[in-house]
Amino acid sequence: MKLTHWTLNLTAAAVLASLALLAQDTLRYNAQPRGSKVTINGTSNIHDWEVEGEVIGGYFEVESAFGTDKSLKSVTSLNTPGSAPKSALFIPITSLKSQVAIGRDKMDSVMQQAMKADDNPQIRYKLTEMTIKGTVPDSGTPVKFDTKGDLAMSGMTNKIDMEVTMERMDDGKIKFSGTKVLDMTGWKIEPPAPKLALGMIHTGKEVTIKFEWLLAPRHVNK
Amino acid sequence: MKQSHLSEVNRREFLAGGSFATLMMLMGGVPLNAADEKATNAEGVTSYKAKSVPVKVGVIGCGVWARDILKTLSLLPHGPVVAICDTYPAFLKRAGNLAPNAKHYGDYNELLADKNVEAVIVATPSHLHKDLVLAAFKAGKHVYCEAPMGTTMDDARAIAAAAKNNFKLNFQAGLQSRSDKQIINLEKFIRSGAPGKLIKGRQQFQKKQSWRLASPNPDREKEINWRLDKDISLGLIGEIGIHQIDVANWFLANLPLSVSGFGSLLQWKDGRTVPDNVTVRIEYPGGIFLNYEATIDNSFESEMGVFYGTDAAIMMRDRRAWMFKEVDAPLLGWEVYGKKEAFYKDSGIVLGAGATAQTAQEKKPAAPGATAAPASDVADEVSALQYALDSFLVNSHLVAAGVKDFIDTYGEGDDQALKDYLKDQEKNYLPAVGWKEGFESVVTAIKAHEAVMKGEKIVFDKAWFNVA
């Protein structure tokens, strides 16, 4: 009962935070065409491999206080358990390029098949919770957050948590960055098992995703 | 000898495996080919097919060279030919045998209006390229334009400018050497400094042939033998020499300063107005000269090139290459193990692009301090044209996918950002000659031909290489 009560309180707080967000001016940051980067690193019994992309779309929408209050204390959505600014990002799978000297396009095509890119052309992430981690420096940057969200790939969606760092840039832009180790089998992407003339290749089921996501502000009056 | 044997074994293993993944492993890559239950068989082996994304091709101009292009495209599953065009029905019919699924067009405008065509290969007589290429860009097609891009400075510049400005479409000049694994390997070898300081180059094309094509009637004869007419043809320099001159521009990493030319008509006095015997001397910065000779009056030593450095000379012939070291040249290390072949009084160390680092290691450990791996002495079975067309197809897809990814993500409107993104993505493309290098080489060839026809020296104006 106590747990239910606590959950109800959390839900109520989240609803109130969302209502507060809707009721006031919001600051919307849109993904920028330059300055974003995503890398996916994996291992195998032969050697490590890497996939790289530079296209990350999406937005980050937060109370306008985010832009003026560097301490972030007045930004309700970042200080309310179970709440988060509205944010979603996506990465076109065709923009991810294998980092090999020869045959990149063919390797990329295998990756696209494995991720069922024809039906699921993007990796999509939707933020559901975001809370400040540690103290916010006087300069307002960098700030660490604990986040939770839904990560959709290959036709499956799973919840992931991730520590994210936000940097305020001199020109008013913000950059989020983070690193996350993922078990791809959770998205039904099994470790590769190609049968080659020279033997089998075994790859680790875990991959490390690193990203830097640059966004620029655009005011939206609700 | 053992080296050669092992290379063949590996080649057979690769072919027998029939798997691109084998190649990937050999080249040092591991495919990110994850599997779900359906894609994995009972042995746990994934069933994904490593394949390039198809780009549907239209070929404009169906002459002799175009038929070679069609034959080569038939080897590339990602280059389905969906349309062909020629004004001469007999050529169209013959080309159709090589592209059985292609629609036939007698008017290139109709082919360009065909929505099914994503990319075109322009293989018409060179003096007709400009209008076709400009129309192709206007129709939103990727363009592979055979060399020379144009036969006049104005035409070539118009094509280069259109390619530059239509940055959402892929353009490739038909200069195959820069896509050829063998030549790319040599370029890296030269850049490694192994030949020492480059001092000069010598290239030639010698083949006894009339260069005249058979035709059924006088009108057709004139049309089909456009290469023999000085008013519309760049002759031996522009139609053949441009490929070797392009390699010189690339290897010497400079634009030419001047060109002197000489030409004569000695053997084929059949009414043609272009020489059958030409020599040009092209001057590059630093006192480096390239001597180029082409004749269709004699076949001795055929097609070959030599680049001379202070430590070694590099000879290219029959898609193979050798290094001839000076006695006082520093020891590179690996050449001790290299296969050697005798050439008159000299011994050439075989250079090649057939071996990967891994196969080289299987043969023998790399020598400490080696600047390049020992190479296979087996000539590459993939033709330079196939490399070039593969590059065109793959790069056309990458450009189109890049444009789509970008616009789907960020919307339209910021062309400069898109241009920057595509420029950055070039690192992912297969090697190919774009509008810039293609234009520089055709300018060199146009002026070299002009020097031949005038029998004089022409000093290059840097502005000639500018594209609006």
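The residues of segment B:37-71 that are at pLDDT 95 or above and part of a strand (DSSP E or B), listed by number, are B:Val57, B:Gly58, B:Val59, B:Ile60.
Take the conditions more than 14 Å from every other protein chain (Cβ to nearest Cβ) and more than 22 Å from A:Lys175 (Cβ to Cβ) and apply them to A:Pro85. Does it pass?
Numbers: more than 14 Å from every other protein chain (Cβ to nearest Cβ): yes; more than 22 Å from A:Lys175 (Cβ to Cβ): no.
No, not satisfied.
Tell me, yes or no, whether segment A:184-206 has at least one residue that is closer than 18 Å to A:Phe90 by Cα, at pLDDT below 95 and within 14 Å of another protein chain (Cβ to nearest Cβ). Yes, because at least one residue in segment A:184-206 is closer than 18 Å to A:Phe90 by Cα, at pLDDT below 95 and within 14 Å of another protein chain (Cβ to nearest Cβ). Restricting attention to segment B:74-95, the residues that are under 30 Å from B:Asp219 (Cβ atoms) and buried (at least 19 other Cβ atoms within 10 Å of the Cβ) add up to 7. Among the residues making up segment A:78-89, a single one is in a helix (DSSP H, G or I) and at pLDDT below 95: A:Asn79. For segment B:396-415, give me the residue count where each residue is facing another protein chain (nearest Cβ under 9 Å) and among the charged types (D, E, K, R). Total satisfying the criteria: 4.
Would you check if A:Thr43 is farther than 30 Å from B:Gln416 by Cβ, out of contact with any Lys or Arg (no Cβ under 8 Å at 6 or more places or on another chain) and at pLDDT 90 or above? Taking the combined requirement at face value, the residue does not satisfy it. Restricting A:Lys159, A:Lys126, A:Lys148, A:Lys133 to residues that are of a type in the set (Lys, Arg) and under 23 Å from A:Thr68 (Cα atoms) narrows the list to A:Lys133.
Selection within segment A:51-73: residues that are part of a loop (DSSP other than H, G, I, E, B) and of a type in the set (Ser, Thr, Tyr). The member of this set that is surrounded by the most Cβ atoms within 10 Å (Cβ to Cβ) is A:Ser64.
Kindly check whether there is at least one residue in segment A:74-91 that is closer than 30 Å to A:His47 by Cβ, without any contact (Cβ under 8 Å) to a residue 40 or more places away in the chain and either acidic (Asp, Glu) or surrounded by fewer than 18 Cβ atoms within 10 Å (Cβ to Cβ) (or both). Taking every residue of segment A:74-91 in turn, none turns out to be closer than 30 Å to A:His47 by Cβ, without any contact (Cβ under 8 Å) to a residue 40 or more places away in the chain and either acidic (Asp, Glu) or surrounded by fewer than 18 Cβ atoms within 10 Å (Cβ to Cβ) (or both).
So is B:Asp390 of a type outside the set (A, V, I, L, M), without any contact (Cβ under 8 Å) to a residue 40 or more places away in the chain and part of a helix (DSSP H, G or I) or not? Reasoning before the result, please.
Numbers: of a type outside the set (A, V, I, L, M): yes; without any contact (Cβ under 8 Å) to a residue 40 or more places away in the chain: no; part of a helix (DSSP H, G or I): yes.
Here the answer is no, as B:Asp390 does not meet what is asked.
Restrict the check to segment A:131-138 and report whether at least one residue is over 21 Å from the mean Cα position of the chain (by Cα) and without any contact (Cβ under 8 Å) to a residue 24 or more places away in the chain. Yes, segment A:131-138 contains at least one residue that is over 21 Å from the mean Cα position of the chain (by Cα) and without any contact (Cβ under 8 Å) to a residue 24 or more places away in the chain.
Determine if segment A:95-110 includes at least one residue that is in a helix (DSSP H, G or I) and among the basic types (Lys, Arg). Talk me through it step by step, then tell me what you get.
Taking segment A:95-110 as the starting set, the residues that turn out to be in a helix (DSSP H, G or I) are A:95, A:104-110.
Keeping just the survivors that are among the basic types (Lys, Arg) gives A:104, A:106.
Yes, some residue in segment A:95-110 is in a helix (DSSP H, G or I) and among the basic types (Lys, Arg).
Please verify whether B:Lys427 is touching a helix residue (DSSP H, G or I) at 6+ places or on another chain (Cβ under 9 Å) and of a type in the set (Lys, Arg), treating the condition exactly as stated. Against the criterion (touching a helix residue (DSSP H, G or I) at 6+ places or on another chain (Cβ under 9 Å) and of a type in the set (Lys, Arg)), B:Lys427 does not qualify. For A:Ser98, the criteria (1) polar (S, T, N, Q); (2) over 30 Å from A:Asp170 (Cα atoms); (3) more than 14 Å from every other protein chain (Cβ to nearest Cβ) hold in every case but one, which is (3). Of all residues in segment B:265-289, those being closer than 30 Å to B:Leu198 by Cβ and in contact with a Pro (Cβ under 7 Å, 6 or more places away or on another chain) number 3. The set of residues in segment B:107-133 that are part of a helix (DSSP H, G or I) and touching an Asp or Glu at 6+ places or on another chain (Cβ under 6 Å) contains only B:Lys130.
The residue that is nearest to A:Lys106 (Cα to Cα), counting only those in segment B:416-438 that are in contact (Cβ under 8 Å) with a residue 40 or more places away in the chain and either within 11 Å of another protein chain (Cβ to nearest Cβ) or more than 17 Å from the chain's Cα centre (by Cα) (or both), is B:Leu430.
Looking only at segment A:114-134, how many residues end up being among the basic types (Lys, Arg) and more than 14 Å from every other protein chain (Cβ to nearest Cβ)?
Going through segment A:114-134, the residues among the basic types (Lys, Arg) turn out to be A:116, A:124, A:126, A:133.
Among the residues that remain, those that are also more than 14 Å from every other protein chain (Cβ to nearest Cβ) are: A:126, A:133.
Residues meeting the conditions: 2.
The values are calculated or read from the model by the stated rules, or taken from the named source; none is laboratory data. The model shown is predicted, which means the values in this text are computed figures rather than measured ones. As a convention, Cβ positions derive from the backbone with ideal geometry for all residues, glycine included, and neighbour counts pool all protein chains shown.
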